[in-house]
Amino acid sequence: MITFDNVHKSFGPKKVLQGVNLKIAKGTSMVIIGGSGTGKSVLLKSVLGLVTPEQGTILVDGKDATMGDHDAFLARFGMLFQGGALFDSMPVWQNVAFRLLRGSLKRPKQEAREIAVEKLRRVGLTPDVADLFPSELSGGMQKRVGLARAIAAEPEIIFFDEPTTGLDPIMSGVINDLIREIVTEMGATAMTITHDMTSVRAIADNVAMLHGGVIQWTGPVAQMDASGDPYLTQFISGSADGPIEAVR
Amino acid sequence: MNALLAPFALIGRQTLALLSMVGRFAIFFAQTLSHMLRPPFYGREFLTAIFNIGWLSLPVVGMTAIFTGGALALQIYDGSSRFSVESVVPQIVAIGMVRELGPVLVGLMVAARVTSSIAAEIATMKVTEQIDALTTLSTDPLKYLVVPRFIAAILVVPVLVGIGDIIGIYGGFAVATEQLGFNPATYIRNTVDFLQFNDILSSLVKGAAFGGIAALMGCYFGMHSGRGAQGVGQATKGSVQAAAVLILAANFLLTSLFFAT
């Protein structure tokens, strides 16, 4: 379980997170929604130590995320970045097997490559992609490679940062389905950030809406449409009229 | 009143920004040194850095050195025609190249070629979240990106300086013997007799220091770059400026240390 308890984070005078409280149960898929610049990525990155909150605690299975062996802690996570964040100096298979080629999870090179090819196949890419460089791939293929990298070491917890941004609707659907399948199949805890309501419905068990630096609404995805929360209703409908200012 | 105070406020802000950068750099340097002593070590990245910084810099270093050596011989010949040119030209070319021009020119060339490249590469990695990705993959970016480049530059730039010194002296030799009619054997004897161990040592020590500065500036500005294309551009420009100024300042300090007594 991941628990956010009164988490605050500011950048200069801008208070992004102002007391976030949220619980993500083990083995469930939580999708965080909210407008641009509301701190969704900050929330996600603060779990991994990429951003340090000024106040509050983040617990993973009851243990403070900032304490203990950070490498061992990070080895439990996989993350798909918004732009893929593939290392363009190395071929696709080395990107996917990055964690398996060094550090505590190191495997022999041939075995790491086989795992990488298998993970690529799992996300719908053929083995011949393994020796290409990221710059030779389309946006959708890069996302798939990023997804393969995120699951390569079989993590317990997977984060997806805007997995369908910049993709056409068909490719978005493919990525959404892959995420849902993989999370279910691996039994992993997932936390996804997105603006895309189609993704929310495809991926989520539970949804949390971040607005004004706090969790405005949280609940099962099935209750989202009937929540009665004016912020959530406006966000789902995409209307300019409502409590969320259209110009921010 | 506010208008009167504005220039002082500007100076104050810039001073604070400078001090803040010096502090950040000191921490960055200390962290780099500390990571050098602790595993894991990334051998493949180290070898790649050796290749990029050393091997790929050889053409530019060679061209710079040979033309500088040749021009130096012509200048000294012109300026010392009243004296014993056969001994003065090789001696000053040798001492000029080995003590000053070799290390400084190689340092500046490395700053132009390597520092800019490192800064642009790491800044782009930062902008595209590759640095964050490294962290999430349990890999310390400082250990993976900075330490191999820093060590490689410290080891390989002295070699480049040595090669630059030799090529520069050869440039002077070629001009003196082919164009000015010097006796080759006398030229070589005068060069070898005049150079001392301390000259060569100072050259190599300067090379190591300049290499370290060049790599560290590229890494520091890359890791601290702003967002977007503008951030990458500013990081690249800032890294080369800082490396060039620090290399010249370090050259003065090292020259004082080796030869001022």
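The values are calculated or read from the model by the stated rules, or taken from the named source; none is laboratory data. Everything numeric here is computed off the predicted structure, so don't read it as measured data. Quick reminder, even Gly has a Cβ in these numbers, built from the backbone with ideal geometry, and neighbours come from all protein chains shown. SASA here: full protein model, heavy atoms, side chains in, ligands and nucleic acids out. Shrake-Rupley method; radii C 1.70, N 1.55, O 1.52, S 1.80 Å.
Test A:T194 against the stated conditions and say whether it is open to solvent by less than 30 Å² (accessible area, probe 1.4 Å) and farther than 30 Å from A:E114 by Cβ. I'd like the intermediate steps shown before the answer.
On the way: open to solvent by less than 30 Å² (accessible area, probe 1.4 Å): yes; farther than 30 Å from A:E114 by Cβ: yes.
Against the criterion (open to solvent by less than 30 Å² (accessible area, probe 1.4 Å) and farther than 30 Å from A:E114 by Cβ), A:T194 qualifies.
Could you list, in sequence order, the residues of region B:218-257 that are open to solvent by 90 Å² or more (accessible area, probe 1.4 Å), over 13 Å from B:M125 (Cα atoms) and over 11 Å from the mean Cα position of the chain (by Cα)?
Matches in region B:218-257: B:Q230, B:Q234, B:K237, B:Q241, B:F252, B:L253, B:L257.
Residue by residue through region A:39-69, note down the ones that are facing chain B (nearest Cβ under 8 Å) and free of Cβ contacts under 8 Å to residues at least 40 places away in the same chain. Break it down stepwise before answering.
Just the residues of region A:39-69 that are facing chain B (nearest Cβ under 8 Å), to begin with: A:45, A:48-50.
Those that are facing chain B (nearest Cβ under 8 Å) and free of Cβ contacts under 8 Å to residues at least 40 places away in the same chain: A:K45, A:G49, A:L50.
Just the residues that are among the aliphatic types (A, V, I, L, M), farther than 30 Å from B:S203 by Cα and touching a Gly at 6+ places or on another chain (Cβ under 8 Å), please, taken from region B:97-136. Can you show your working first?
Narrowing region B:97-136 to residues among the aliphatic types (A, V, I, L, M): B:97-98, B:101, B:104-106, B:108-112, B:114, B:118-120, B:122-123, B:125, B:127, B:131, B:133-134.
Subsequent filtering for residues that are farther than 30 Å from B:S203 by Cα retains B:123, B:125, B:127, B:131, B:133-134.
If the condition is that a residue be among the aliphatic types (A, V, I, L, M), farther than 30 Å from B:S203 by Cα and touching a Gly at 6+ places or on another chain (Cβ under 8 Å), then B:A123, B:M125, B:V127 are the ones that fit.
Among the residues of region B:20-42, is there at least one that is among the polar types (S, T, N, Q), modelled with pLDDT under 95, open to solvent by 100 Å² or more (accessible area, probe 1.4 Å) and under 22 Å from B:A242 (Cβ atoms)?
no
Please work out which one of (1) modelled with pLDDT under 95; (2) farther than 25 Å from A:T192 by Cβ; (3) within 14 Å of chain B (Cβ to nearest Cβ) is the condition A:D128 fails and give its number.
Answer for A:D128: the failing condition is (3).
Of everything in region B:112-140, what is at the interface with chain A (Cβ under 9 Å from one of its Cβ atoms) and closer than 30 Å to B:V61 by Cα? Give them in sequence order.
Those that are at the interface with chain A (Cβ under 9 Å from one of its Cβ atoms) and closer than 30 Å to B:V61 by Cα: B:E121, B:T124, B:M125.
Collect the residues in region A:76-99 that are in contact with a strand residue (DSSP E or B) (Cβ under 6 Å, 6 or more places away or on another chain) and not in a loop (DSSP other than H, G, I, E, B), keeping them in residue-number order.
A:F77, A:G78, A:M79, A:L80 - these are the residues of region A:76-99 that are in contact with a strand residue (DSSP E or B) (Cβ under 6 Å, 6 or more places away or on another chain) and not in a loop (DSSP other than H, G, I, E, B).
The rows are residues; the columns are (1) under 23 Å from the mean Cα position of the chain (by Cα); (2) part of a loop (DSSP other than H, G, I, E, B); (3) without any contact (Cβ under 8 Å) to a residue 60 or more places away in the chain.
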site: A:R107; (1), (2), (3): no, yes, yes
site: A:A112; (1), (2), (3): no, no, yes
site: A:G124; (1), (2), (3): yes, yes, yes
site: A:M141; (1), (2), (3): yes, no, yes
site: A:A153; (1), (2), (3): yes, yes, no
site: A:I158; (1), (2), (3): yes, no, no
